[in-house]
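The values are calculated or read from the model by the stated rules, or taken from the named source; none is laboratory data. Quantities reported herein were computed from a predicted structural model and do not represent experimental measurements. As a convention, Cβ positions derive from the backbone with ideal geometry for all residues, glycine included, and neighbour counts pool all protein chains shown. Surface areas here come from the heavy atoms of the whole protein model, side chains and all, with no ligands, DNA or RNA. Shrake-Rupley method; radii C 1.70, N 1.55, O 1.52, S 1.80 Å.
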Amino acid sequence: MNRKLGFIGLGNMGLPMSINLLKANYEVYGFDTNVEVVELFTEAGGIGLASAKDVAMQCDVIMTSLPTPQIVEMVYLSKEGIIYHAKKGALLIDFSTVNPDLNDSLHKEASTLGLRYLGAPVSGGVIGAVNATLTIMVGGDKDDYDSASEIFGIVGKNIYHLGLSSSVGTRLKLLNNLMIGFYTEAVAETIVLGEKMGIDADTLYEVLSNSYGQSRIYERNYEEYIKNNNYTPGFSTNLLLKDLKLAKGMADEAGVSLRIGEKLVDLYSEIAQQGYGENDMSAAYLSLKDTCKIKQL
Ligand code: NAD
C-alpha cells in the first residue's frame, strides 16, 4: 500500500486514472509535457515532477498512458527514458495502445535491466477512466500481474490476464478498435442517410435501440457527441486512425486480408485531413455531411 506510484501521460485517460489512484490514498507522482494537465493533477493531490526520468527515479510502479507508439518508445527507451532510470525491480505498466512488437521489445529490455513490465491497454473510454469501469487487457508474467492487481482494481472493473506474452492484451485491444472503426462509420452513414430521407435522428436512435442495428458505439457516439453537437474528445479521430493502422499491420503479419478494415485506414485518414483529426471520432458524422454537401454542388 505504501508503494510510490508514478503516472506519465496525464491526458484524457491518464488524468482520471491517476486521480482514482489518489482517491484510493496512494502517493502518485506524475509527469506530462502539457503543464495544464499537470496543474489539474496537482490540484487533485498529485505530486508533479519535471520529467519522466524523475518519475522513474522516485517510484516503485511506473504507469504510462501516452498517445502514440513513437512517444511510448521515446519515453521508455531514449537516453533519459524510464527504463534506464527506474529502480531495480520496479514494475512498468503501459496502458497505452501501441504495436504488439513494441510491448515485446520493451518487456525484453526491461527484463534485461532487472525491471518488470506489463502491456495493459484499456477500453471503456474517458467515462470508464473517470468511473473506474475500464476493461484492462493485460499481458505479462503472472507474478507481476498479481502484484499490480490492486492498482488494476482501482482504475478498472473488468480485468483480464490474457497470457505471459506482454503483447497479447494489445492484440485483443486492436481487434476491439477495428470494430470501433466499423461501427463509428456505420453510425455516421446511418444517421446522415436517415436525415436525408427526413427521418429524425432521435426517432432513428430510439427505434434502432430496440433493433439489432444498435451497438455500444451507436449509444456512445450519438448520446454523448452527435446529439449534443459537441465533438471534444473523448477518443480522437487521430487515435482511432493510429489503432486502425496498427490493426492493419497485425493483419498483414498474420496474412489476413481485412476487406473493409483496410479501407477504414484510408477513410479515417481522409476524415482527419478534412480537419476532424483532433475531434472525437464521432465527427465522422460531420465529415460525411460535409462530403455530401460537396457532392451536391
Ligand atoms: P491524450 O492525447 O488525451 O493524452 C496523452 C497525454 O500524453 C497528453 O496529455 C500529452 O500531453 C501527453 N504526452 C505526450 N507526449 C508526452 C511525453 N513525451 N511525455 C509525457 N507526456 C506526454 O490521449 P488519451 O486519449 O488519454 O489516450 C492515451 C492512450 O490511451 C492512447 O494510446 C490511446 O490510444 C489509449 N486509449 C484512449 C482511449 C480514449 O477513449 N481516449 C480509450 C482507450 C485507450
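Taken over the range 178-200, the residue count meeting the criterion of being in contact (Cβ under 8 Å) with a residue 40 or more places away in the chain and open to solvent by less than 70 Å² (accessible area, probe 1.4 Å) is 9. Residues in the range 141-165 that are of a type in the set (A, V, I, L, M, F, W, C) and either open to solvent by less than 10 Å² (accessible area, probe 1.4 Å) or in contact with an Asp or Glu (Cβ under 8 Å, 6 or more places away or on another chain) (or both): Ala148, Ile151, Phe152, Val155, Leu164. If you filter the range 166-177 down to residues that are in a helix (DSSP H, G or I) and open to solvent by less than 20 Å² (accessible area, probe 1.4 Å), you find that the one that is farthest from Asp280 (Cα to Cα) is Gly169. Checked against (1) open to solvent by less than 10 Å² (accessible area, probe 1.4 Å); (2) closer than 20 Å to Arg3 by Cβ; (3) not small (Gly, Ala, Ser), Lys87 passes all but condition (1).
Just to confirm my filter: which helices (runs of 4 or more DSSP H) fall fully inside the range 201-297 and include at least 1 residues that are within 29 Å of Ser167 (Cβ to Cβ) and open to solvent by 20 Å² or more (accessible area, probe 1.4 Å)?
Values: elements: 201-209, 216-219, 237-254, 261-271, 284-296.
It comes to 216-219, 237-254, 261-271.
Inspection of the range 70-83 finds no residue satisfying the criterion of being closer than 15 Å to Ile154 by Cα, touching a residue at least 40 places away in the same chain (Cβ under 8 Å) and either within 13 Å of the ligand (Cβ to nearest atom) or of a type in the set (Lys, Arg) (or both).
Taking the range 42-67 as the range and being within 10 Å of the ligand (Cβ to nearest atom) and buried (at least 16 other Cβ atoms within 10 Å of the Cβ) as the test, the residues that pass are Ala52, Val55, Thr64, Ser65, Leu66, Pro67. Count of the range 1-56 residues, restricted to those that are in a helix (DSSP H, G or I) and small (Gly, Ala, Ser), is 4. Only one of the numbered conditions (1) more than 9 Å from the ligand (Cβ to nearest atom); (2) of a type in the set (D, E, K, R); (3) at pLDDT 95 or above is violated by Asp32, and that is (1).
Output yes when any residue across the range 107-120 is within 21 Å of Asn25 (Cα to Cα) and part of a strand (DSSP E or B), and no when none is. No - not one qualifying residue is present in the range 107-120. Quick one: Leu22 ticks every box in (1) open to solvent by 20 Å² or more (accessible area, probe 1.4 Å); (2) touching a residue at least 24 places away in the same chain (Cβ under 8 Å); (3) within 9 Å of the ligand (Cβ to nearest atom) bar one, so which box is it? Every condition holds for Leu22 apart from (3).
Name the single residue that is surrounded by the most Cβ atoms within 10 Å (Cβ to Cβ) among those in the range 90-140 being more than 11 Å from the ligand (Cβ to nearest atom) and hydroxyl-bearing (Ser, Thr, Tyr). The residue in question is Tyr117. Check whether at least one residue in the range 153-174 is free of Cβ contacts under 8 Å to residues at least 12 places away in the same chain, out of contact with any His (no Cβ under 9 Å at 6 or more places or on another chain) and farther than 30 Å from Thr291 by Cα, and report yes or no. Yes, the range 153-174 has at least one match.
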